[in-house]
Structures are given as structure tokens and as C-alpha cells.
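Below you'll find the structure, written out as C-alpha cells, and then a few comments.
Every number in this text was worked out from the coordinates using simple rules, so none of it is lab data. A quick note: this is a predicted structure, and the numbers were derived from the prediction, not measured. Here the Cβ positions follow ideal geometry from the backbone for every residue, glycine too, while neighbour counts run over all protein chains shown.
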Amino acid sequence: MNFNKTVIYQLFLRVFTPEGTLKAASEMLEHIKELGADIVYLCPVCEADDDMNEAFWSDRQKKSGLNNPKNPYRIKDYFKIDEEYGNEDDLKSFINKAHSLGLKVLLDLVYFHCGPKAKLLEMEPEMIVREADGTPENGEWHFPRLNFESEKLREYMYSNMEYFVKEFGNDGYRIDIGDYVTLDFWVEGIKRLKKINPDIIMLNEGDKSEYVKNGFDLNYNTNWAHALPDVFAGDEPATKIKDTWLEYQSKDNLLGLRSFETHDITNNAYDNRMEKIIGSQGAEAVLTLNFAIDGTPMLYNGNEVCDTTRHSIYSNRFYGKNFVINWRNALTEQGKKRIAFIKKLIFMKKNIPALSEGNVTWIDTECNDKLLVFIRSTENETLLIAVNTTKDYVNVKLNDFVPESVLLSSNAVYNGEKKPELSLGEFGYIIIECK
């Protein structure tokens with residue numbers, strides 16, 4: 001699979017539909033396909049631990065105030081579908097429908113820790129890391145850490161990875177905090193999965209280059225996702241995004257994920273979603289950057305309809321408030337414009353070679369603190385991309401670039417050939433094909 005031209009769609013069941021089920025989500029798969037996405041990354045569907053002892057709750061779980069013990073990233077039974085989402089047949093139907101539409105499906109593996117009442121704890125004590133007195137050693141989120149020095153634990157997890165691919169036909173996995181689990185476990189696990197499906201896809205939530213060198217297709221590039229709100233919705237200069245790119249590329253020129261939001265980012269934002277702060281124009285600027293720079297874009301569910309509602313990984317229809325994407329936005333002029341915009345970005349990513357295969361060269365200007373300017377170039381094509389990360393007006397002179405046609409722009413103008421100037425208004429962006 002060419003990940004330079006691939007678009008991932010993250011689907012978090014609890015916020016995706018009011019029902020929060022696999023059946024309800026499957027009815028929306030045509031929508032995801034029509035956008036132009038290639039892969040659906042489905043957040044955890046395994047049975048979550050319902051233990052009410054808050055000593056085993058994460059800090060943000062308690063902070064949410066929703067009083068829901070069932071954190072999707074705190075697993076009780078790795079081989080059972082949580083009844084909140086449906087059952088095994090529902091997952092099979094979801095994956096089968098996705099495949100019928102030409103979509104691939106990644107499931108979420110949470111292997112660094114487990115729930116305090118996890119079924120695997122009934123097998124033997126060594127399945128988790130323990131303190132000297134025999135009590136569970138909890139990780140930074142206060143959940144028992146799985147013990148990968150135990151061969152029994154490893155085999156249990158290998159069988160779990162194989163089980164879903166064999167029984168449900170998912171096309172691979174997104175690995176929750178994969179860097180926290182020893183690499184040799186993943187090397188063996190990927191080897192076993194490839195015997196079942198040679199084209200298995202593995203997405204690591206991490207930044208370590210050795211993980212991509214040894215079987216993973218993509219790293220998350222977490223720092224990029226966090227730099228975006230720091231710059232577009234905060235007080236950091238645009239150079240932070242460029243520096244984040246340079247630092248990551250120094251790790252063997254890795255191909256990373258380009259995400260506007262994720263379930264974690266939206267959860268932590270509460271009522272201050274990034275799009276709510278920077279508006280639709282700002283969100284379009286961020287999306288343009290993510291699709292124009294190298295890497296694999298990932299849309300978080302609801303980005304395509306300008307969703308700004310609060311999302312929480314602890315919210316569902318049973319506890320507290322049921323935070324759900326406001327799909328009514330899709331019927332508004334703003335929502336229709338966003339859907340068309342994302343479809344165009346995806347089409348450009350897949351059909352303009354410089355946007356998928358082109359080298360990246362950064363251009364310095366007198367507005368480096370506000371403006372990101374870079375070139376994507378192949379042997380036969382040169383594109384100039386500029387994105388204003390602020391609400392301020394910026395105007396810069398650019399020598400040596402002669403425009404041939406503007407492929408995409410908003411609040412931006414490229415003036416003249418003799419003394420070329422680039423002018424961008426609030427969160428303006430432009431992609432220019434150059435002679």
C-alpha cells in the first residue's frame with residue numbers, strides 16, 4: 001500500500017453516532033468512502049473494565065466528571081466485543097461492509113496495560129508486572145502493566161492479534177502507545193500476522209524510527225499533532241511546526257501521520273476544540289497543511305462537518321452526557337463546503353504527484369514566525385505551498401518562483417511575475433503550481 005497517497009479516517013464509536021454501536025456506524029461507511037478515505041481506524045471495541053475503584057482510574061478519567069468506569073483503553077477481556085458496541089457478528093458485518101466498499105479496517109490494540117479485573121489475571125500472577133510485595137505495578141495511567149518478560153503473556157497476546165485477523169478479517173492494527181511495549185514483541189507478532197495476511201497494516205502510536213524499520217508501516221508523529229494547536233490556536237510561532245518536522249525527519253526521514261485531531265486531543269480539549277477556537281477558515285488552513293506536507297493524513301470523525309462539540313472517551317449513552325458529533329452540520333452551507341473541501345484535498349493528494357511523492361524544501365521569509373512556506377517538487381513538477389498560521393495579514397516577497405496556476409487558495413493572493421509577492425489574510429493558504 002502506498003502510504004504517501006493513503007488517507008485514514010479515525011472512527012470513535014462513542015461519539016460517531018447517538019447509538020454508539022457498530023451497527024449504527026456501519027450505516028455511515030458509505031459516507032467515509034465518498035470522502036475518499038482508504039482506511040477506517042476503529043477505536044477499541046473489546047470489553048472495557050467496569051471496576052469502580054477510582055484508584056485504578058486515570059487522572060483524566062476522574063477529571064472528566066462523567067463517573068464512567070469503562071475506559072475503552074482499559075481492557076477487561078481482549079477476546080470479547082463490549083456489548084456497548086454490539087457483538088462479534090456486528091464487528092464481522094462492519095468489516096465485511098467496509099471491504100465491500102473498498103475500505104480497509106484497522107482495530108486498536110491496547111497492550112501496555114490492562115484493567116484491574118482483566119480476564120488474563122485469572123491465568124497466573126506473572127501476566128502483569130508486580131511490585132516486590134506482589135501487588136500490581138501500575139503504569140502512568142494507573143492501570144496494571146502487562147509483563148512482556150512472561151512468555152505466557154506474549155503467547156496470549158500473539159493469539160489475540162491472530163484471532164481478530166483470522167475470525168474477523170481486519171486489515172491490521174493501530175497500536176496504542178506502541179513505543180511503550182518492547183520492540184521484539186512486535187517483530188514476532190508482525191511476523192505471525194503476515195503469515196495470515198502478507199499485506200497486514202501496522203500503525204504505531206509512537207515516534208521511534210526502529211519500530212518502522214522493523215515491521216511497522218507508520219508512526220504517529222505525536223509531536224506534529226500537538227504542535228498544530230500550539231501554533232494555530234496558541235502563542236507559539238510557526239517555526240515550531242517547521243522545527244517539529246525537521247526533528248522528526250532527522251529520524252531516518254520517516255513517513256509520519258498528519259492528524260488535525262485525535263480522540264485524545266478532542267478529549268483533553270473539553271469545550272475548547274481547536275476548530276472552535278480558530279474557526280472554519282483556520283481549520284481549513286490546518287487541513288491544507290496536513291495534506292500538502294509529506295506523510296499520511298488522518299481525519300478525525302467529524303472534521304468533515306466542522307464539528308466543535310465536546311468529545312470524551314469516557315462519555316457514552318449510559319453514563320453522564322452522551323457527547324456526539326453534530327451531523328446536522330453536514331446540511332449547512334459551512335458543512336457542505338467543508339465536505340467538498342476535504343474531497344478536493346483527498347483528490348489532490350492522490351492525483352498530484354508532487355503532493356504525494358515530492359521532496360519538501362522549506363523557504364525562509366521575513367514572516368517565519370507567522371507563515372509556513374515550502375516547496376513540494378518532483379523531477380517534472382514544482383508546487384509552492386504557503387499557510388498563514390495566524391489571524392494577522394502577512395505580505396512577503398518571493399524570488400525565483402513564477403506561478404503557472406493556483407490549485408487551491410483562500411484569503412491568499414500571489415501577485416506579479418517580475419516582483420512576485422504573496423499576500424495572505426487571516427489563516428490564508430495557497431497551493432501554486434510553478435513554471
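What to note about this one:
- Lysines whose Cα lies under 27 Å from that of Lys191, excluding same-chain neighbours fewer than 8 positions away: Lys5, Lys76, Lys80, Lys92, Lys104, Lys119, Lys152, Lys166, Lys208, Lys213, Lys251
- In degrees, nearest ten, helix 239-249 long axis to first principal axis of the chain (Cα): 60 degrees
- Positive dipole terminus of the chain, leading residue within Met127, Ala412, Leu246 (C-beta point charges): Ala412
- Virtual paramagnetic centre 7 Å along Cα→Cβ of Asp199, amide N under 20 Å, in segment 88-104: 92-104
- Proportion of all alpha-carbon pairs of segment 176-300 beyond 27 Å (%): 24 percent
- Debye, to nearest 20: dipole size of segment 135-292, +1 on Lys, Arg Cβ, -1 on Asp, Glu Cβ: 400 debye
- Cα pair distances of the chain binned at 20 Å [whole percent]: 25, 56, 18, 1
- If you wrap segment 38-182 in the convex hull of its Cα atoms and look at it from every side, the mean projected area works out to 9.3 nm².
- Helix 222-232 vs. the chain, principal-axis angle (Cα, 0 to 90°, nearest 10): 50 degrees
- Antiparallel DSSP beta bridges within the chain, percent to nearest 5: 60 percent
- Prolate/oblate/rounded call for segment 309-413, Cα gyration tensor, a/c under 1.5 rounded: prolate
- Förster radius 25 Å - calculated FRET efficiency between Asp235 and Asn395 (Cβ-Cβ, nearest 0.05): 0.70
- Here segment 359-434 carries DSSP beta bridges of which approximately 100% are antiparallel, counting only pairs with both residues inside.
- Segment 8-351 - charge dipole about Cα centre, Lys and Arg +1 at Cβ, Asp and Glu -1, debye rounded to 20: 1220 debye
- The sum of -39500 (n - 2.57) across all DSSP H runs of n ≥ 4, divided by the residue count of the chain, sets its helix-only mean residue ellipticity at 222 nm to -9500 deg cm²/dmol.
- Principal-axis tilt of helix 333-351 within the chain, Cα atoms, nearest 10 degrees: 90 degrees
- Under 10 Å, Cβ to Cβ, from Lys104 - net charge with Lys/Arg +1 and Asp/Glu -1: -3
- Cα-based shape type of segment 359-434, given that a ≥ b ≥ c are square roots of the gyration tensor eigenvalues and the cut on a/c is 1.5: prolate
- Using the alpha carbons alone, the radius of gyration of segment 263-366 stands to its Kirkwood radius in an Rg to Rh ratio of 1.04.
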